[in-house]
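S.K.: Mind having a look at this structure? Questions to follow.
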Amino acid sequence: MSLRARRVDALTAAQRQKWAAARVWTARQAPYLASAVLALEPIVIEQDPPSHDLRAFPADPAWHIYLDPAALDTAAVPELGFWLLHQVTHLLRHHADRRPGEDPARWNLAGDAEINDDLRTDNLRLPDRAVTPAGLGLPDAWTAEQYWDALDGTPPPADRVDCGTGADGIPRDWNCGLPGLSETGRKLLRREVARRIREHHRGRGDVPAGWQRWADEALDPVVNWRQVLRSAVRRGVADIAGRVDFTYRRPSRRAAAMPEIIQPGLRQPLPVVAVVVDTSGSMSDSMLAQVLGEVDGLLKSLGVARNRLHVVCCDAQAHTAQRVFSAREVRLLGGGGTDMGAGLSAAAELKPRPDLVIVLTDGHTPWPAGPPRRAKVVVGLLDPAGSAPGWAASVAIDPAEVVSGR
Ligand SMILES: [Zn+2]
């Protein structure tokens, strides 16, 4: 079995013509996405024998799109064009970074549902097998995360397509590994597409609502930190809840009846969460209260029970580790210098030991070399000039936006 990546000139003249025609077709269907489609770098994948199904023309986050000559031969121009629009949408909407849990097939389906209702316009008919919210029995206009939740326990359809690393962030055999579009290039491209969506909307008005919302978010310098924090925390909780394992730590009930045999208990651990709050002088109480309120609501909605949440207040040293009923009830202690390392160490020593530590800080603090053992760390950063360590997921929270309540 061989897999060979080649440049687009490895295609026959007829295949190259179809590729070019599909790009023209997309520019007519969704002119505001034309610069994104043009940014895709085609990589031809020759498979002998054909071992991977590339009929969705998968992409990767560096903006390579993988063309299987056999798939090119069978797709009509509008179908190939549809897949180009579909794959650039996975990339523009950062689906590779947003996956909330371990199940890539479920996330691919959720992302496809989010995408396709925004591609269906008066003049664009979706290919018959394209995933739609209606086809899944769900409403239009949800986010991929909402579809993900709703699809819990639904087996993936038998003929599902694979949209590649660009849809779920997981490497594929056929990825070429070339550098592709730079990080800066991707940012500029997003802004350019967002600008064109606004222009197009002003001029003709036929931009699907999902794209208008996306453009507003892309052009608005204020990050929707609630959403970002939510997905970072959800991801941490999902990873932990997914660690179902047989453990000898706690014997099963049956073992008590048969004390001579040690039986493993099937354990689905509920995550224990600690919130480390920076109470050094630079953080205002009202701001902290707002962010804590948000975190509290978020954890509740994710099913983290009250007795599994601890709050550590920390300035230059960690203060009381409080077992609280609500993050809002935390007495905000401290007010001196800052060392979040002390807060993280205190969190690591809590019993039971937390699986997920959420740190709320302005980031003007030294950080330890690594996270506490076996814990995931999410840093909510309340000052763009502060810094979060590379080993934590970090979420920028704009203090002005917190206070204005946007
Ligand atoms: Zn897809």
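S.K.: Which of the following residues is open to solvent by less than 20 Å² (accessible area, probe 1.4 Å), away from the ligand (no atom under 13 Å from the Cβ), under 24 Å from R234 (Cα atoms) and modelled with pLDDT under 90: P155, P100, P133? I'd like the intermediate steps shown before the answer.
M.R.: Working: P155 fails: open to solvent by less than 20 Å² (accessible area, probe 1.4 Å); P133 fails: modelled with pLDDT under 90.
After ruling out the rest, the residue left standing is P100.
S.K.: Pairs under 6 Å by beta carbon, first residue more than 18 Å from P155 (Cβ to Cβ) in the stretch 116-141, partner aromatic (F, W, Y) and more than 13 Å from the ligand (Cβ to nearest atom), six or more apart or different chains?
M.R.: Qualifying pairs under 6 Å: D118/W211.
S.K.: Right, here's the next one. Within the stretch 42-64, identify whether any single residue is assigned to a helix (DSSP H, G or I) and crowded, with 22+ Cβ neighbours inside 10 Å, and answer yes or no. Don't jump to the end; show me each part of the working.
M.R.: Just the residues of the stretch 42-64 that are assigned to a helix (DSSP H, G or I), to begin with: none.
No, that holds for no residue.
S.K.: If you go through the stretch 78-97, how many residues are within 11 Å of the ligand (Cβ to nearest atom) and outside any helix (DSSP H, G or I)?
M.R.: The number of residues fulfilling the criteria is 1.
S.K.: Within the stretch 98-124, how many residues are part of a helix (DSSP H, G or I) and charged (D, E, K, R)?
M.R.: 4
S.K.: Which one of these is under 20 Å from the mean Cα position of the chain (by Cα), surrounded by 15 or more Cβ atoms within 10 Å (Cβ to Cβ) and at pLDDT below 75: V222, V237, V233?
M.R.: V237
S.K.: Going by the conditions given, is A21 in a helix (DSSP H, G or I), open to solvent by less than 60 Å² (accessible area, probe 1.4 Å) and free of Cβ contacts under 8 Å to residues at least 24 places away in the same chain?
M.R.: no
S.K.: Please indicate, with yes or no, whether at least one residue in the stretch 105-114 is more than 11 Å from the ligand (Cβ to nearest atom), under 19 Å from Y66 (Cβ atoms) and surrounded by fewer than 17 Cβ atoms within 10 Å (Cβ to Cβ).
M.R.: Yes: one or more hits.
S.K.: Go over the candidates A59, A21 one by one and state the one that is within 16 Å of the ligand (Cβ to nearest atom) and either in contact with a helix residue (DSSP H, G or I) (Cβ under 8 Å, 6 or more places away or on another chain) or farther than 25 Å from V193 by Cβ (or both).
M.R.: Sole residue among the options that is within 16 Å of the ligand (Cβ to nearest atom) and either in contact with a helix residue (DSSP H, G or I) (Cβ under 8 Å, 6 or more places away or on another chain) or farther than 25 Å from V193 by Cβ (or both): A59.
S.K.: Now for a different question. Can you report the number of residues in the stretch 80-97 which are closer than 16 Å to R234 by Cα and open to solvent by less than 10 Å² (accessible area, probe 1.4 Å)?
M.R.: Total satisfying the criteria: 1.
S.K.: With a cut-off of at least 3 residues that are outside the structural domain of G101 (by TED's automatic domain parsing) and at pLDDT below 70, name the strands (runs of 3 or more DSSP E) lying wholly within the stretch 296-381.
M.R.: 318-323
S.K.: Oh, and also: Exactly one of (1) among the hydroxyl-bearing types (S, T, Y); (2) under 17 Å from C176 (Cβ atoms); (3) open to solvent by less than 20 Å² (accessible area, probe 1.4 Å) is unmet by T26. Its number?
M.R.: In the conditions (1) among the hydroxyl-bearing types (S, T, Y); (2) under 17 Å from C176 (Cβ atoms); (3) open to solvent by less than 20 Å² (accessible area, probe 1.4 Å), T26 misses (2) alone.
S.K.: May I ask you to list the residues in the stretch 387-406 that are at pLDDT 85 or above and either of a type in the set (S, T, N, Q) or buried (at least 18 other Cβ atoms within 10 Å of the Cβ) (or both)?
M.R.: Correct list: S387, A388, P389, A392.
S.K.: Of T121, T143, which residue is β-branched (V, I, T), more than 12 Å from the ligand (Cβ to nearest atom) and more than 22 Å from the chain's Cα centre (by Cα)?
M.R.: Selected residue: T121, the only one of T121, T143 that is β-branched (V, I, T), more than 12 Å from the ligand (Cβ to nearest atom) and more than 22 Å from the chain's Cα centre (by Cα).
S.K.: Here are L91, L33: which of them is assigned by TED's automatic domain parsing to the domain that holds D118, at negative phi and within 21 Å of the chain's Cα centre (by Cα)? Lay out the reasoning, then the answer.
M.R.: Values: L33 fails: within 21 Å of the chain's Cα centre (by Cα).
Unique residue meeting the criteria: L91.
The values are calculated or read from the model by the stated rules, or taken from the named source; none is laboratory data. Nothing here was measured: the structure is a model prediction, and the numbers come from that model. Note: ideal-geometry Cβ built from the backbone for every residue, glycine included; neighbour counts use all protein chains shown. Protein only, heavy atoms only, side chains kept; ligands, DNA and RNA dropped before computing areas. Shrake-Rupley method; radii C 1.70, N 1.55, O 1.52, S 1.80 Å.
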